[in-house]
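A.B. asks: This is the structure I have questions about; it appears just below.
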Amino acid sequence: MFEYNLNYWDKMIRQNSPTAKEINKIRWNFIKPVKPKSVLDYGSGCGFFRAFRPVGIECDTFDINNYPQSGINKEKYDLVCFWDVIEHFKDLNEIFTVLEKVKAFNIAFTVPALQIDTVLELWKHYKPGEHFHYFSDDKWDNLFLEHGYKKIRSGYPECPPRSDIYSAIFKRKT
């Protein structure tokens, strides 16, 4: 009997998601300097990042929604990714709780970032009740710097095809 499992789900995503393929190629290239072997995609949604992972990298997925996912299977990860997730946390301290729990020293994330000319109420990322935080890239950086992290890399590599999406990698100071 045929089994609809996580590998099947990965294959369907790869076959039917050309835009996701482009964005996740950008993401995997962005995190390359960290050289992760084990990655946790926290808030993974339907699993695009895992589906497009390079050969040789283990990528676990966790999401609050009922998507096929691997779950958190390790006590420690080389990197935890929060792609389009952090702005959904009501309490930003929960991010650091997750990082402590999985003993992660590296974090990568993407977030909508306010630009100088942004009119909040007209901005496409303005989603009251869904997005709880609206910061500039400097304010996002400060959040991690204040929690003892050092910025490794940042920028707007997903723009285009997206807009106003800030990406960063931070490493916890030891």
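The values are calculated or read from the model by the stated rules, or taken from the named source; none is laboratory data. None of the values given here were measured: they were computed from a predicted structure. With ideal geometry, Cβ positions are generated from the backbone for all residues, glycine too; neighbour counts draw on all protein chains shown.
A.B. asks: Test E121 against the criterion of being farther than 17 Å from F144 by Cα and either part of a loop (DSSP other than H, G, I, E, B) or over 14 Å from the mean Cα position of the chain (by Cα) (or both), and give yes or no.
C.D. replies: Details: farther than 17 Å from F144 by Cα: yes; either part of a loop (DSSP other than H, G, I, E, B) or over 14 Å from the mean Cα position of the chain (by Cα) (or both): yes.
It is true that E121 is farther than 17 Å from F144 by Cα and either part of a loop (DSSP other than H, G, I, E, B) or over 14 Å from the mean Cα position of the chain (by Cα) (or both).
A.B. asks: Tell me, which strands (runs of 3 or more DSSP E) lie completely within the stretch 1-114 with 1 or more residues that are at pLDDT 90 or above, among the small types (G, A, S) and in contact with a strand residue (DSSP E or B) (Cβ under 8 Å, 6 or more places away or on another chain)?
C.D. replies: 38-42, 106-112
A.B. asks: Something else now. Would you say A108 is surrounded by 17 or more Cβ atoms within 10 Å (Cβ to Cβ) and touching a Cys at 6+ places or on another chain (Cβ under 7 Å)?
C.D. replies: In short, yes.
A.B. asks: Checking C81 against (1) closer than 20 Å to P160 by Cα; (2) in contact with a Leu (Cβ under 9 Å, 6 or more places away or on another chain), which single condition isn't satisfied?
C.D. replies: (1)
A.B. asks: Looking at the stretch 29-48 only, could you name the residues that are under 12 Å from the mean Cα position of the chain (by Cα) and within 21 Å of K103 (Cα to Cα)?
C.D. replies: I31, V39, L40, D41, Y42, G43, S44
A.B. asks: Looking at K25 and the list (1) without any contact (Cβ under 8 Å) to a residue 60 or more places away in the chain; (2) more than 15 Å from the chain's Cα centre (by Cα); (3) under 19 Å from S154 (Cα atoms), which single condition is not satisfied?
C.D. replies: (2)
A.B. asks: Being basic (K, R) and buried (at least 18 other Cβ atoms within 10 Å of the Cβ) is the filter here, so list the residues in the stretch 1-50 that pass it. Walk me through it before giving the result.
C.D. replies: Taking the stretch 1-50 as the starting set, the residues that turn out to be basic (K, R) are 11, 14, 21, 25, 27, 32, 35, 37, 50.
R27, R50 - these are the residues of the stretch 1-50 that are basic (K, R) and buried (at least 18 other Cβ atoms within 10 Å of the Cβ).
A.B. asks: Still on this structure, please answer the following. For the stretch 150-161, which positions are part of a loop (DSSP other than H, G, I, E, B) and over 15 Å from the mean Cα position of the chain (by Cα)? Before you say what the answer is, go through the steps one by one.
C.D. replies: Quick first cut of the stretch 150-161, residues part of a loop (DSSP other than H, G, I, E, B) only: 156-161.
C159, P160, P161, listed by residue number.
A.B. asks: Determine whether I86 is of a type outside the set (S, T, Y), surrounded by 12 or more Cβ atoms within 10 Å (Cβ to Cβ), without any contact (Cβ under 8 Å) to a residue 60 or more places away in the chain and farther than 21 Å from C159 by Cα.
C.D. replies: For I86, the condition - of a type outside the set (S, T, Y), surrounded by 12 or more Cβ atoms within 10 Å (Cβ to Cβ), without any contact (Cβ under 8 Å) to a residue 60 or more places away in the chain and farther than 21 Å from C159 by Cα - is not met.
Let's see how each residue does on (1) free of Cβ contacts under 8 Å to residues at least 40 places away in the same chain; (2) in contact with an Asp or Glu (Cβ under 9 Å, 6 or more places away or on another chain):
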| site | (1), (2) |
| --- | --- |
| A104 | no, yes |
| Q115 | no, yes |
| H147 | no, no |
| K150 | yes, no |
| S163 | yes, no |
